[in-house]
Ligand SMILES: [Zn+2]
Ligand SMILES: [Zn+2]
């Protein structure tokens, strides 16, 4: 096979298309290379004030769930641009579902294809997070914190201590000059002469989180190059984590977790993974036996 033939093989049904990601924080840096090399897709950013949906620093409270927020970002792209393909990303930090004492980074990547009416998302949880916070009152303490927090590769934000709603936050700090300047300003504003400092969790200022988003990008690409064995739609591999397990008594689909059911986002085709054969749900969870 010569080079021309190799180049002629499409990488995916999306080859040559452009995906638009709604972001304020340059997330295409993490995603674009793999989408290009593995799908043949270009990526553009649609600048959206995603902070409106909530911020890590708490200056804006989050109202939507992370999945809803990621979907909302896709909807912004489709409503406000002519793009047919939208990507939305949302991250959050809370305890790991299986290890409640460990804080984890939860990421969602949502994809909408207006042309083929496809809507899928992938999620990932990582305990590899880079986050530190401290209350400091001297420049020496500040610089010790900065060293521990791997500043300036990871950004810092600070505010006068005690932290309260509506106060001034000094954000996106990535230079020692700004760090010291804002520290002095915040210290003056503090009734106790103390400053709250913490690691920036926004993707463009936190390479550890950016890496996680990149990994999740690969997971979404895996979905987009997988096709439903039945209807051939891309996006095969949706894990029906919470529904459809047959009732032990009557066989009706229940709301019980059916973690091993792989389904299509387009048709009703479902495959059950062989390592969970004959698994059935408690009839108490069955809408037929226990309405
Ligand atoms: Zn039943
Ligand atoms: Zn299908």
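Read-outs: derived from the displayed coordinates by stated rules, not from any lab. For clarity, every value in this text was computed on a predicted model and none was experimentally measured. Neighbour counts run over all protein chains shown; Cβ positions are idealised from the backbone, glycine included.
Taking 160, 229, 100 in turn, the Gaussian network model of the chain (Cα-Cα springs below 10 Å) assigns the largest fluctuation to 100. The mean sequence separation of alpha-carbon pairs under 8 Å and at least six residues apart, normalised by the residue count of the range 18-87, gives a relative contact order of 40 percent. Each of 47, 14 has some number of other Cβ atoms within 10 Å of its Cβ, and from fewest to most they run 47, 14. If you bin all the Cα-Cα distances of the chain at 10 Å, starting from zero, the percentages per bin are 6, 22, 27, 22, 14, 7, 2, 0.
Please state the relative contact order of the chain as a whole percent: Cα pairs under 8 Å, 6+ residues apart? Worked out over the chain, it gives 13 percent. Computed over the range 3-129, the range of Cα coordinates on each principal axis works out to 54, 33, 24 Å, biggest value leading.
Across 235, 16, 40, mean-square fluctuation computed from a Gaussian network of the chain (C-alpha pairs under 10 Å connected) peaks at 16.
Taking the fewest neighbouring Cβ atoms within 10 Å as the starting point, the ordered list for 111, 169, 93, 85 is 93, 169, 85, 111.
Principal-axis analysis of the Cα atoms of the chain puts helix 139-148 at an angle of about 20° to the longest axis. Note on residue 231 and residue 68: the extension gain reaches 56.0 nm, defined as 0.36 nm multiplied by sequence separation minus the Cα-Cα distance.
Relative to the dominant Cα principal axis of the chain, helix 66-80 is inclined by about 80°.
Ranked by the mean number of other Cβ atoms within 10 Å of their residues, highest first, the peptides 23-35, 180-192 fall in the order 23-35, 180-192.
Result for the chain in a Gaussian network model with C-alpha springs under 10 Å: among 212, 154, 164, the largest mean-square fluctuation is at 164. For the range 133-200, treating each Cα as an identical point scatterer without solvent, what Debye log10 I(q)/I(0) comes out at q = 0.23, 0.28 1/Å? Listed by q, the Debye log ratios stand at -0.90, -1.35. Taking a point 7 angstrom from the Cα of residue 180 along the C-beta vector, which residues in the range 125-149 have backbone N less than 20 Å away? Those under the cut-off are 136-149.
Note on residue 98 and residue 51: with the Förster distance fixed at 30 Å, the Cβ-Cβ geometry gives a FRET efficiency of about 0.45. Going from the fewest other Cβ atoms within 10 Å to the most, the residues 119, 79 appear in the order 79, 119. For the chain, adding -39500 (n - 2.57) for each run of n ≥ 4 DSSP H residues and dividing by the number of residues yields -7500 deg cm²/dmol at 222 nm. Between residue 290 and residue 81, the C-beta separation translates, for a Förster distance of 35 Å, into a calculated FRET efficiency of about 0.15. Using a simple spin-label model with pseudo-atoms 7 Å out from Cα toward Cβ, residue 191 and residue 148 lie 2.6 nm apart.
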